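Okay, so here's the structure we're looking at.
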């Protein structure tokens, strides 16, 4: 009994010492990593003066939004459901009356194929601590759009306004088989009028797989105002390549097309749906972090230097960046000519944000930082992103 006791005591003492050593090391590594990231951000900001940089993650506050316990009566199933119990991620952002308003994707644990998504509503006076409404503001219903939205749901919102203050929300409807980019409008962010697929007036592209509509806008005094270029509104969209579309009214959109030979050098997962005719605005790049997929981020910024599009990407190690884990979603930026939204002037050769924190590395989909909401607020830029398709975090840039 004595020697057994002494052995345990020795082991416990060693375990405590080892744990303390690990904690000390982790703290120092964290400090070193933070300093290194800040230095890297400054380097990127110098190399790409047109880009919106540097951003630093608010690690001490993140994630700023987590799954909730609110219950909602679903008009389709006619049952109460924990509509945000599984995941919350990929938000749109509006600044109004010195308040940050967030419209975020929330997912239940019931709907097929992986939970029905609805759009929730939250607000914050500091951009970090949010209150949320008990019920979603946009969701599948017994309406004419049910065929598009049930039962995958309403996903990944992005929001702009026009010169009158009317809000336009692009979002993805998912029926379980095909994702379709949709549009809705609102005067107050709470009551939304759905219009259906953004390409609904174009029979060729109405039912293609389409997502992630980032409308070119002017960011001014906290507002994100859709702005015409040469008489038309422009939108970047897509999640294999990033394509472009134009509109005269922000409701009815038409994809920009080209001849097939121009796109011959790119593979296409949509070859059977005339996707090969679409004009590629942002292609993927072999051996880079964005080798497998590129996808629009927040509404694009119209600036004096050009149109800045913050975009998401996915890496596959066999064709992309071998230093990143398989399937990593990281974000970068690209600059277009402000008079020709299809002409790339410059493009970052690396990412400016990638998964590092535990909640970014592990979740519904591992290794994901997916940027989607951008706001000017209190003399800073707030960039909100989904983490591992499970939570919401923010990175902040001081102005200018």
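Coordinate-derived values only; no laboratory data. From a predicted model like this one, the values you see are computed outputs, not experimental measurements. All Cβ positions, glycine included, derive from the backbone under ideal geometry; neighbour counts span all protein chains shown.
Using only the Cα atoms of the range 291-346, construct the convex hull and provide its projected area averaged over every direction, in square nanometres to one decimal. Present the calculation step by step, with values, prior to reporting the outcome.
Numbers: hull surface 16.4 nm².
Averaged projected hull area, Cα only: 4.1 nm².
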(message) Can you report the principal axis dimensions of the range 105-159 using only the alpha carbons, biggest first, rounded to whole angstrom?
(response) 39, 23, 19
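Relative to the compact-globule scaling 2.2 N^0.38 Å, provide the ratio for the alpha-carbon radius of gyration of the range 226-349.
Working it through for the range 226-349, the quotient is 1.07.
Beyond 15 Å, what share of the Cα-Cα pairs of the range 312-400 remains, rounded to the nearest whole percent?
Of the Cα pairs, 64 percent sit more than 15 Å apart.
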(message) Take residue 286 and residue 125, extend 7 Å from each Cα along the Cα→Cβ direction, and tell me the distance between the two endpoints in nm.
(response) 5.6
(request) Obtain the radius of gyration and the Kirkwood radius of the range 81-203 from its C-alpha atoms and give Rg over Rh. (result) 0.97
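Tell me, what is the FRET efficiency for residue 357 and residue 191 to the nearest 0.05, using R0 = 35 angstrom and their Cβ-Cβ distance as r? Write down the numbers at each step before the final one.
Working: r = 36 Å, r/R0 = 1.03.
The calculated FRET efficiency here is 0.45.
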(request) Any chance you could run the full-extension gain for residue 40 through residue 337? It's 0.36 nm times the residue separation minus the Cα-Cα distance, nm to one decimal. (result) 104.3 nm
(message) If packing is taken as the average number of other Cβ atoms within 10 Å across a peptide's residues, how do 188-198, 118-128, 288-298 rank, most packed first?
(response) 288-298, 118-128, 188-198
(request) Apply the Kirkwood formula to the range 95-134: the hydrodynamic radius equals the inverse of the mean of 1/r over all pairs of different alpha-carbon atoms; give it in Å with one decimal. (result) 11.2
(message) Can you give me the distance in nm between label points at residue 261 and residue 164, each placed 7 Å from the Cα along the Cα-to-Cβ direction?
(response) 4.6
(request) At q = 0.06, 0.13 Å⁻¹, work out log10 I(q)/I(0) for the chain with the Debye formula, treating every Cα as an identical point scatterer and leaving solvent out; two decimals please. (result) -0.25, -1.08
(request) Please determine, in degrees from 0 to 90 and to the nearest 10, the orientation of helix 2-47 with respect to the longest principal axis defined by the Cα atoms of the chain, where the helix direction is its Cα long axis. (result) 30
(request) Can you pull the one-decimal nm distance between simple spin-label points at residue 134 and residue 80, each 7 Å off the Cα toward Cβ? (result) 0.9
